[in-house]
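Just below is one structure, and these are the notes that go with it.
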Amino acid sequence: MDADDWRDLGAEVLAFLLAAECPGCARGGTLLCERCRLQLRPHPVGTRTPGGIPVRAALRYEGVPARCIRRVKEDGMTLLARPLGLALRDLLAAHEPALLVPVPTGRVSFRRRGYRVPELLIRRAGARPERLLRSVRTVGDQRGLGRAQRTRNVAGSMRASAPRGGQDVVIVDDVVTTGATIDEAARALSAAGHRVRGAVALAATPRLDRTSRDTAEMDGDNRGRGD
């Protein structure tokens, strides 16, 4: 095991000792009960970002999946990254041999958590994250912002390392809401010479899922429905 693996293991053991109850139903004495574990079976959602990047999300960000993700992101319960990573595994595998590029974690969030959530999920899915993106400025809290506000908030916030001969890449994030962050990641990667083939997220918010369905219904009214 390398240093990152040992650090992840230590964080997971600590998380287990601090909070041994199911995040889905609050049942004590278990990390995740079997009934709630079944709620993490993937039900892929397909959509596009405002910039046209195709996105596939394994789950909807609601109910048990949302509570599990919040426990990973806010409470340090990294043991839950394992069942969440399993939900993500098939979507990541479908993009082989493209490089899996996680959305970068801001400095403040990394100092608070001690780990990068998208990278952790990729590893727990049995894949290898490629850290090609980095944050170059602090981004304000996205919560409560509309689509246009989110786009302005993240504009110019990322930079990508140059490719080795030009490479196909897939962007990976934990939760996608409007797609503004993925669009910014795609901009930075494309500017560095990479070929962005799409994006994968663990979960999509109902807001994004609803927007996707509403757009599809309007397209269907006009023709025969596109993506």
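Before moving on, here are some points about what is shown:
- Val172 long-range amide H proximity, modeled H, under 5 Å: Val101, Val103, Val200
- Burial ranking of peptide ranges 98-111, 184-197, 27-40, 166-179 (average Cβ count within 10 Å, highest at the top): 166-179, 184-197, 98-111, 27-40
Rule-based calculations on the coordinates, nothing more; no lab input. Remember, predicted model here, so these are calculated numbers, not experimental data. When we count neighbours, we look across all protein chains shown, and the Cβ atoms used for this are built from the backbone with ideal geometry, even at glycine.
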